[in-house]
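Presented below is the structure to which this report refers.
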């Protein structure tokens, strides 16, 4: 078994035993998810990159405090990221502006694969639907954006989200449920603004999925 195939906890043990370079595997494994998590609250892209780096630096420096008996490494890491973001926002002394979901993120896990439609333009329509969903998500409150990003972009379990954000499991479920309903409504509102633009079947399917 190669090191990239080992569990987070196994890699942590390697780092603690002196194989410091093994920590880079954890960085590669979580850098995208951590950046997505941070970007839900921080607008400036360079700041997102800096805060993600700070998160991993703190994790490395305090790796000795990680206790697998108390939870997963990923939960511990996202908790660090949350504290890093809180410190950054406190220093800025301003409410985080609305932040769109990064373009490189994909909704393939939450939207149907419209590229497989008989219509040869299906792939383009899917991209348009993704763009609409990203724009609508950017209008949601910061905490709602964060839980949705963790759930649908990082595939985190509800319990892990709750631990990372310091919320109860019930609060996380409520935020996700209300967030999906709000997204569906915002997408409908956007369609109504466009006069004489018929609603596409692909968009209807995206709405139906959001409210499930």
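The values are calculated or read from the model by the stated rules, or taken from the named source; none is laboratory data. Bear in mind that the values here come from a model prediction, so they are computed numbers and not experimental data. Note that we place each Cβ from the backbone using ideal geometry, even for glycine, and neighbour counts take in every protein chain shown.
Among the residues of the stretch 142-170, the one identified as over 14 Å from the mean Cα position of the chain (by Cα), assigned to a helix (DSSP H, G or I) and either assigned by TED's automatic domain parsing to the domain that holds residue 43 or crowded, with 16+ Cβ neighbours inside 10 Å (or both) is 163.
Scanning the stretch 10-45 for residues that are within 18 Å of residue 80 (Cβ to Cβ) and either in the same structural domain as residue 139 (by TED's automatic domain parsing) or surrounded by fewer than 12 Cβ atoms within 10 Å (Cβ to Cβ) (or both) gives a single hit, 28. The listed residues are 130, 139, 117, and the only one of them that is crowded, with 19+ Cβ neighbours inside 10 Å and either at pLDDT below 50 or more than 19 Å from residue 46 (Cα to Cα) (or both) turns out to be 130.
Evaluate the stretch 64-72: report whether one residue or more is surrounded by 15 or more Cβ atoms within 10 Å (Cβ to Cβ) and either in a helix (DSSP H, G or I) or in contact with a strand residue (DSSP E or B) (Cβ under 9 Å, 6 or more places away or on another chain) (or both). Within the stretch 64-72, not a single residue is surrounded by 15 or more Cβ atoms within 10 Å (Cβ to Cβ) and either in a helix (DSSP H, G or I) or in contact with a strand residue (DSSP E or B) (Cβ under 9 Å, 6 or more places away or on another chain) (or both).
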